[in-house]
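Note sheet for the following structure.
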Amino acid sequence: MTGLEIGFLTLAGMMLLIWLGLHVAVALGLTSFVGVWLIKDSPEVATSMLAQGASDAVASHIFGVVPLFVLMGFLVSIADIGKDAFEVANQGLRRLRGGLGIATVAANAVFAAITGISIASAAVFTRVAVPEMLRYGYKPGFATGVVAGSSVLGMLIPPSLLMILYGFLAEVSVGSMFMAGVVPGLLLALTYAIGIMLMARFWPSYVGGRPEGDAGHETLMGGREMAAKLLPIMALIAAVLGGIYAGFFTATDAGAVGAAGALLIALWKRKLDNRKFWQVLVETGHVTVAVSFLIVGASLYTRMLALSGVPQFLVSEISAAGLGPFAFLAVYILLIVILGCFIDSSSILLIVLPLMLPIASGFDMNLIWFGIITIVAVEIGLLTPPFGLSVFVIKSTLNDSRITLRAIFVGTLPFAAIMLLTLIILVLFPKLTLALV
């Protein structure tokens, strides 16, 4: 067999192994090892590549960003920063129809700026926001849909684990990816807020809530209490993103500063004891090992594809077919959204990018803009059945038999549509993505 035939055969084998339930990193590493063995007809060469690929991947300076931002994310969750942001946003927006939904989006946007995991956002705000919305008469589908939709901001507003992974795969600056995600993240939050107001106005049967507003009879916070809740959050965001944007430190430095700041906030709020701190460290280790395992698998997979000639073949075939950049982008986004119905976000990046990045480069696309487009498209998959990881996280966190999985999926559909609209805007106006880069 030719290298090209072996390359396509290993791609099919990898997808089969993933479908059968094998861990994505194991499937990537195994098929890459076998592919190199067949291409070079030497198990020694394949073994050497396996060892060198693993060493190079984990030794990369980019990898140092992962444990630092993961640690920061777990610490801010322990410190109840998401709850604080929601309470402040709720007080400011309580009189609007759909105000609790908009408050959830606003709080999620703030929470996303200090943690890079969408699943963490979904879990936190399921506990914080959904019971409040149900208490004020909002429909269960809308309440869970708002949380699922706004949770994707965790991967779009920096810091973001997906951006770190993309930076590694595309060999672009993680700091530049972080800055590129700010405007698209705020745009998505704004379109969500506008969408909620329009739904409350024209589709009240879906939203629910009190016609006269959400003011209720709750005790309002004073200015000092609101400042005490907001100032630590704003200080942490300014330290992390402000430091990167001002050029004071790299993304890795920002992760260290953010983790130290989150630790101080958790201690100041007396939310962290020895048992919780040990739990945070263990969970950080688990996530870091999982991500590093994926990075090693992706490194091996990329090297095997380069040896097989599959990316070069695809570039030449697309050029011969006369596909322009927008046609390629449309097919690419459709592929990503379809894969998102069945595979998790990180796995999609690991499988698709080594094939598609050479094509994007061939069309002279800005790889930072291409990365943001990719992440938005991938995150739509968190809301769509049958996989919809955010939906399953919300269902398991709620533990309420009255709210079915189907109801949550139906509730997320308007927010998936809003995400698709935002994605189209970002495709048509690349300057929105690159404004701060």
For this session: Return the calculated 222 nm mean residue ellipticity for the chain, to the nearest 500 deg cm²/dmol, obtained by summing -39500 (n - 2.57) across DSSP H runs with n ≥ 4 and dividing by the residue count.
Result: -25000 deg cm²/dmol
Exercise. Two-decimal Rg/Rh of region 8-156 from alpha-carbon positions, Kirkwood Rh?
Worked result: 1.21
For this session: Whenever you get a sec, line up 379, 44, 87, 317 from highest to lowest accessible area (probe 1.4 Å, protein heavy atoms).
Result: 44, 317, 87, 379
Exercise. Accessible area per residue, 1.4 Å probe, Å², for region 1-88: what's the number?
Worked result: 46
Problem set entry | Estimated vicinal HN-Hα couplings, Hz - region 22-36 in sequence order (Karplus 6.51, -1.76, 1.60; Gly, Pro = x) | 6, 4, 4, 4, 5, 4, 4, x, 5, 5, 5, 4, 5, x, 5
Problem set entry | Hz values of 3J(HN,Hα) by residue in region 333-342 - Karplus curve (6.51, -1.76, 1.60), Gly and Pro given as x | 5, 4, 4, 4, 5, 5, 4, x, 6, 10
Exercise. Using alpha carbon coordinates only, what is the Rg to Rh ratio of region 150-306, with Rh defined as the Kirkwood radius?
Worked result: 1.05
Exercise. When Rg is the radius of gyration of the Cα atoms in the chain and Rh is its Kirkwood radius, what does Rg/Rh come to?
Worked result: 0.99
For this session: Provide the three semi-axes, in whole Å and in decreasing order, of the ellipsoid equivalent to region 288-437 as defined by the square roots of 5 times the Cα gyration tensor eigenvalues.
Result: 30, 20, 14
Problem set entry | Unit charges at the beta carbon, dipole of the chain: most positive-side option, 277, 17, 339 | 277
Exercise. Rounded to the nearest whole Å², what accessible area per residue is found for region 276-352 with the 1.4 Å probe?
Worked result: 44
Problem set entry | Using θ = phi - 60° and Karplus 6.51 cos²θ - 1.76 cosθ + 1.60, couplings along region 64-76 (whole Hz; Gly, Pro as x) | x, 5, 4, x, 5, 6, 5, 4, 4, x, 5, 5, 5
Problem set entry | Cα centroid separation, region 1-44 to region 245-290 (Å) | 37
Seminar exercise, completed: Long-range amide H partners of residue 138, meaning residues 5 or more apart or on another chain whose placed amide H is closer than 5 Å, are 209
Problem set entry | Accessible-area value, residue 41, 1.4 Å probe, nucleic acids and ligands omitted, Å² | 130
Exercise. Under a point-charge model restricted to the Cβ atoms of Lys and Arg (+1) and Asp and Glu (-1), what is the dipole moment magnitude of the chain relative to its Cα centre, in debye to the nearest 20?
Worked result: 1380
Exercise. Taking K and R as +1 and D and E as -1, what net charge do the other residues with C-beta under 14 Å from the C-beta of residue 299 add up to?
Worked result: -1
For this session: For region 249-323, list log₁₀ I(q)/I(0) at each q in 0.19, 0.21, 0.25 Å⁻¹, using the Debye formula over Cα point scatterers of equal strength and ignoring solvent, two decimals each.
Result: -0.92, -1.01, -1.11
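The values are calculated or read from the model by the stated rules, or taken from the named source; none is laboratory data. Treat the numbers as computed from the prediction; the structure is a model and nothing was measured. Positions of Cβ are backbone-derived with ideal geometry, glycine not excepted, and every protein chain shown enters the neighbour counts. Calculation scope for accessible area: heavy atoms of the full protein, side chains included, ligands and nucleic acids excluded. Shrake-Rupley method; radii C 1.70, N 1.55, O 1.52, S 1.80 Å.
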